[in-house]
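The values are calculated or read from the model by the stated rules, or taken from the named source; none is laboratory data. Being a predicted model, the structure only gives us computed values, none of them experimental. Note: ideal-geometry Cβ built from the backbone for every residue, glycine included; neighbour counts use all protein chains shown. In case anyone asks, the SASA skips ligands and DNA or RNA and just uses the protein heavy atoms, side chains included. Shrake-Rupley method; radii C 1.70, N 1.55, O 1.52, S 1.80 Å.
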Amino acid sequence: MIDFRPVIFINGILLIVLAAAMGVPAAVDWLSDDLDWRTFASAGLVTLVAGLGMVLGARPEGRPELSTRQAFLLTTTSWVLMAGFGALPLAFSTLNISYTDAYFEAMSGLTTTGSTILSGLDSMPHGILLWRAILHWLGGIGIIVMAVAILPILRIGGMQLFKMESSDKTDKVKPRTSQVASGLVVVYVVFSAACALCLWLAGMTPFEAICHSMATLSTGGFSTSDASVGHWSNPWIHWIITIFMGLGGATFVLFIAPWRRGKWAILTDSQIRWYVNFVVFFTFILTLWQWAVNDWSPGDALRHSAFNVISVVTTTGFASTDYSLWGGLPQVIFFYLTFIGGCTGSTAGGVKIFRWEVLFAMAGVHLKRLLHPHGIFVIDFNRQRISDAVVDSVLGFVVMYFLIFALFALALTMTGLDFVTAITGSATAISNVGPGLGEIIGPAGNFQPLPDTAIWLLSFEMMLGRLELFTVLVLFSRSFWKG
């Protein structure tokens, strides 16, 4: 029998943190003489009471320690509860949206997906816009810590390769996970502040700079304008966000101690090299396309291609222009890029570069075995041999990833959506990208026209993709509850 007390206790603490975060937009609205501050105050009070009740009612004796099953349960329930209570300010506000739409928006924020059902962002109260950015920012740091501290222990999708053992200090930044987590928070805060400062100096207002900084580092994609980053024609703003999106999609652990063993770890990491090569290759292809086919100037072609390629690869979802109008080839490329994702240990979603690297290595080994049947070949990652268990985990994850993508696309068509909307909607949800393709959910649209059934399906799929599938799916196993 599972002891639920530690799970309830930690979830209560998280709700208290969420309630405290609601005080920030409440203060902003109060200072702006916007009556929506009452909305955040009421939602914060409800969240605080619920959190305190859970903490006081389920306080364990001594320091709570989680078993594997409790860790699985906590990971999923925390995202469900945080989204559920994070939706309250949106549902209580003057936006006049249903709780279904509010939950979708909150889940999209916490999972750093960036899909939205809201329009009229340019004239929306600052408190609502800031709350969406805060959801991104909190979800981003939660995802990084989860990737470093929880998923390797749970052996999800090959993540056991990144498990930090205290006995192995040769290639680790710090031996203790708690120290690594605190280092990640510091890096995350510093990068966020630097991005906000640069955007302010480039021409954004302080409020716009802060909101976009939170959405950029978390690779979320919520903007303060319906036109996304395309609202600003300033090339400096585009390039600043491009750079920080790239940083958000990289492995954050490498930024804690970038200089190790006499080398720049960031430059020697194989996952980073693959990541950069993906981005450079597709940016080059689309730059040529825009210059030769759509008659763009070389500078504009490079800027918009780099921005939107990095935005999709890192699953941020910002758009500097409506790339669904670029032509057939770019749309196919952007659809492919939806599944690539950023690096392991980043805020990005998708399959992740690490798993693609392992898959390509597996294909290479099989080709070599065809030519040399008696040869012995191994798969390595960063000069470290990968065990068969890791390879099997990666292969199982990728198969399940595309199976779930296909099943949800089928389910979405059953709610009445057209083929393009269903296919790209499922892809963008499971990869946590944000916009899809087509007239409805493309870069120039949003998810508001979708029926409630589709909204709930996409909300669940966003969480599935963000929590690496098996973390959620294992809860539907009968053996999990039997122990």
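With the cut-off at 1.5 for a/c, could you classify the chain from its C-alpha gyration tensor as rounded, prolate or oblate?
Numbers: a/c = 1.41, a/b = 1.07, b/c = 1.33.
Rounded, because the longest to shortest axis ratio a/c is under 1.5.
Distance between the C-alpha centers of segment 426-469 and segment 204-221? Whole Å please. Rounded to whole Å, the Cα centres lie 21 Å apart. Convex hull volume of the C-alpha atoms in segment 1-97, normalised per residue: 93 Å³.
Under 1.5 on a/c is rounded, so check that first for segment 50-118, then, if it is not, pick prolate when a/b is larger than b/c and oblate when it is not; a ≥ b ≥ c are the square roots of the alpha carbon gyration tensor eigenvalues. Oblate is the answer for segment 50-118, as a/c is 1.5 or above yet b/c matches or exceeds a/b. Taking GluC sites (Glu not before Pro) in DSSP loop conformation with at most 16 other Cβ atoms inside 10 Å as exposed sites, the chain has its longest uninterrupted site-free stretch at 166-438.
Given contacts defined as C-alpha pairs under 8 Å and at least six residues apart, what's the relative contact order of segment 1-156, whole-number percent?
26
Rounded, prolate or oblate: which one fits segment 351-457, using the alpha carbon gyration tensor with axes a ≥ b ≥ c (rounded when a/c is under 1.5, else prolate when a/b beats b/c, else oblate)? Prolate. In units of the rule-of-thumb radius 2.2 N^0.38 Å, segment 278-328 shows an alpha carbon radius of gyration of 1.02. Phi-derived couplings, Karplus 6.51 cos²θ - 1.76 cosθ + 1.60 at θ = phi - 60°, listed residue by residue for segment 366-383: 5, 5, 5, 5, 5, 7, 10, x, 9, x, 10, 10, 10, 9, 10, 9, 6, 6 Hz, with x used for Gly and Pro. With all protein chains kept in place, the per residue accessible area of the chain amounts to 42 square angstrom at a probe of 1.4 angstrom.
Database remark: amide H of residue 381 closer than 5 angstrom to the amide H of 386 (H placed geometrically; neighbours at sequence offset of 5 or more, or on other chains; Pro and chain starts carry no H). The alpha-carbon atoms of segment 304-400, seen along their principal axes, cover 53, 29, 25 angstrom, with the largest extent given first. When the surface is traced with a 1.4 Å probe over the full set of protein chains, residue 276 keeps roughly 70 Å² accessible.
How high is the relative contact order of segment 370-483, given as a whole-number percent (alpha carbon pairs under 8 Å, six or more residues apart)? Each step should come with its number before you reach the end.
Working: 88 pairs, mean separation 21.8, N = 114.
Across segment 370-483, relative contact order equals 19 percent.
Per residue of the chain, what 222 nm ellipticity follows from adding -39500 (n - 2.57) for every DSSP H run with n ≥ 4, rounded to the nearest 500? Numbers along the way, then the final one.
Details: 21 runs with 306 residues, N = 483.
Computed mean residue ellipticity for the chain: -20500 deg cm²/dmol.
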